[in-house]
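Student: Below you'll find the structure I mean.
What follows is calculated from the coordinates using simple rules that are stated; it is not laboratory data. Note that the coordinates shown come from a computational prediction; the quantities given were computed from them, not determined experimentally. For neighbour counting, all protein chains shown are included, and Cβ atoms are generated from backbone atoms with ideal geometry for every residue, glycine included.
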Amino acid sequence: MAKLVLLNSRALGTASFGPLERELLAMGCSVERPSVAVDTPWSELPARLADATRSCARSTVVAHSGAGPLGPAVAMRIDAHALVFLDAHVPSEGGTVAPAEPEFVEHLQAIADAAGVLPPWNLWWGGDVLPLLIADPALRELVLVDLPRLRLDWFDDELSLPEGWRDIQCRYVRLSENYEPQARVAEALGMPTTRIDGNHLTHITDPATVAAAILA
C-alpha cells in the first residue's frame, strides 16, 4: 500500500488537498495531510510538518506549488522513499531557499494592506482567479474555507536545503503551462516528468488524473 504525505502551499489551506486525498484513499493508499499553524515561520516548517506527520518512513511526499522547496527537507526528516513536485518549484541542491523569488515579493509588497497583511491567495492578481480555475462553486468553497492571510514579513525568511536530497527518488507532475519551466528543470535533472493539460488547481477539479500521475 502506497503511503503519501501531502504538503500544501502556505498560501492555500490543507482543505485544497481534500479531493485528491479522497481519490488516493479510494485507490487504497494511506494519506496524511500534516497541518501546522499558519504563522509558523518558513524556516521552522520542515521540522513542524515532520513532527505533525505520523510514522511515514518509506512514504512519498507530494509538494504542491509553493511547498516545493519544503519537500526535500520534510522528505529527509521522515525518511521518505520518494518526492513528487506537483506544479511546484524545484529548489537547488543545497544552500538556502526563501518562500518566494524577490520579484514576486515586490508584487506582494504592492498588494499588502497598511498592517502588512496580504489578501487571500485568490486575490493576489487583482480580481478573483478562483472562478477561472474551478468552475464548480462547491469546489471553490472547499478552497475558500481555510485560505489564510499571510503577513508580508513572513516571506523574509530562509530555510536550509538538506544535503543529498536529490538522492531521493524524485518525479515531477506539471499541471499548468506556468510551471513548464520548472518541468524542464526537473527533466534536466533526470526526474521522470508527467504533463497534464490543466491548471494550477487541477488536483482539485480532476483528482483521478492527478492521482494516477503521482502513482505512476
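Student: Compute, for the range 88-215, the length of the dipole vector about the Cα centre, with Cβ point charges of +1 (Lys, Arg) and -1 (Asp, Glu) only. Units Debye, rounded to 20.
Tutor: 380
Student: Using Cα centres only, tell me the gap between the range 36-76 and the range 164-186 in whole Å.
Tutor: What the calculation gives is 17 Å, centre to centre.
Student: Cut-off 10 angstrom, C-alpha nodes, Gaussian network model of the chain. Which of Val129, Val84, Val74 fluctuates the most?
Tutor: Looking only at Val129, Val84, Val74, the largest GNM fluctuation is found for Val129.
Student: Given springs between every Cα pair under 10 Å in a Gaussian network model of the chain, which of Leu147, Leu20, Leu139 has the largest fluctuation?
Tutor: Maximum among the listed residues: Leu139.
Student: Dividing the convex hull volume of the Cα atoms of the chain by its residue count, what figure in Å³ per residue is obtained?
Tutor: Here the figure is 113 Å³ per residue.
Student: Excluding Pro192 itself, what net charge comes from residues whose Cβ is under 15 Å from its Cβ, given Lys and Arg +1 and Asp and Glu -1?
Tutor: With Lys, Arg at +1 and Asp, Glu at -1, the net is +4.
Student: Out of residues 5 or more away from Leu4 or on other chains, whose amide H comes under 5 Å of its own, with H placed 1.01 Å from N in the peptide plane?
Tutor: Counting only residues 5 or more places away or on other chains, the set is Ser30, Val31, Glu32, Thr60.
Student: Here's another thing I want to ask about it. Taking 0.36 nm per residue of separation and subtracting the Cα-Cα distance, what length does fully extending Ala114 through Arg58 add?
Tutor: The span from Ala114 to Arg58 would gain 15.6 nm if fully extended.
Student: Measure off 7 Å from each Cα along the Cα-to-Cβ vector at Leu152 and Ala216, then give the distance between these two points in nanometres to one decimal.
Tutor: It is 4.1 nm.
Student: On to the next question. Name the long-range amide H neighbours of Thr193: under 5 Å, sequence gap of 5 or more, or other chain; modelled H, no Pro or chain starts.
Tutor: Close amide H contacts, sequence-distant or interchain: Tyr172.
Student: Could you check which residue among Glu93, Glu21, Glu103 shows the biggest mean-square fluctuation in a GNM of the chain with a 10 Å Cα cutoff?
Tutor: The residue with the greatest mean-square fluctuation here is Glu103.
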